[in-house]
Amino acid sequence: MARELKAVLFDLDGTLVDSAGDLGAAADQLRTDRGLPALGLAAYRAMAGAGARGMLGVAFGMAPDHPDFPLLREEFFQNYERRLTELTRAFDGVAALVEALQACGLRWGVVTNKPSRFSHPLTAGMPLFASSGVLVSGDTTPHAKPHPAPLLEAARVLGLDPGACVYVGDDARDIVAGRAAGMMTVAACYGYLGAGADTQDWGADASIAAPLDLLPALDLAIDLAIAPSSLK
């Protein structure tokens, strides 16, 4: 990529961390608490990036306009809040990627639509995020992605021009937001993506099949000998 790069910003769920297990378990508990059979965590995985809307859609076929949606959403939130990091882990290669970016003198941070109610305790509970320079949540600004406001806020906090940042995400709205903010964009094709998603239609500047693929995508000459155990 031709621009002078100073920071890499990431979506959270489906891009940096695999949280589908905890999200799916919180939704499946809604079913079992009502005497319904569990669907199993695999049923929820593709829609894990869609939050409560996606989880309740899988669990009950329920859309946000259903009269019971707000009550079930809050119950889902409470279930999830109790288990934020029981199954959630960074994707393989993410720790090594962050280390490599820092070795290049690049800053990094997180821009997520996850409400701060969950994003703050989740990231605080994982050592990976100790070196992150910014966390913008879904309720940090008046607008969530695909609006560019959260990404512009992250650049502001870092003291950088948005054009000096790259945004990496696993949803079409991530790419829409990044482009609207004037950032280069990268589609994380290993993420949740959503049902029937075609990342080629998103208009990202690059696509990656694994976290460490970001390094060549950004034309970064990194000595991958650092943290060799993380790269196996």
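Any read-out appearing in this document is the output of simple, stated calculations on the displayed coordinates, not a laboratory observation. Note that the structure is predicted; figures quoted are calculated from it, not measured. Here the Cβ is made from the backbone with ideal geometry for all residues, glycine too, and neighbour counts use every protein chain on show.
Assorted remarks:
- The long axis of helix 20-32 is offset from the longest Cα principal axis of the chain by roughly 10 degrees.
- The 3J(HN,Hα) values that the Karplus relation (6.51, -1.76, 1.60; θ = phi - 60°) gives for segment 140-156 are, in residue order, 6, 10, x, 10, 9, 4, x, 5, x, 3, x, 6, 5, 5, 4, 4, 4 Hz. Gly and Pro appear as x.
- 3J(HN,Hα) along segment 36-49: 8, x, 5, 8, x, 5, 4, 5, 9, 4, 4, 9, 5, x Hz, from the Karplus curve 6.51 cos²θ - 1.76 cosθ + 1.60 with θ = phi - 60°, whole Hz, x for Gly and Pro.
- Under 5 Å between amide hydrogens, built in the peptide plane, is the criterion, and for D18 it picks out R89, A90, F91 among residues at least 5 positions away or on other chains.
- Sequence of M126, M55 once ranked by neighbouring C-beta atoms within 10 Å, starting from the fewest: M126, M55
- Annotation: amide H-H contacts under 5 Å for D171 (H modelled 1.01 Å from N, sequence separation of 5 or more, or interchain): A188.
- For segment 125-138, backbone phi angles converted through the Karplus equation (6.51, -1.76, 1.60; θ = phi - 60°) give residue-by-residue couplings of x, 10, x, 3, 8, 4, 9, 5, x, 7, 10, 10, 9, x Hz, Gly and Pro being listed as x.
- Residues whose amide H comes within less than 5 Å of that of L135, counting only those at least five positions distant or on another chain, are V110 (H built at 1.01 Å from N in the peptide plane).
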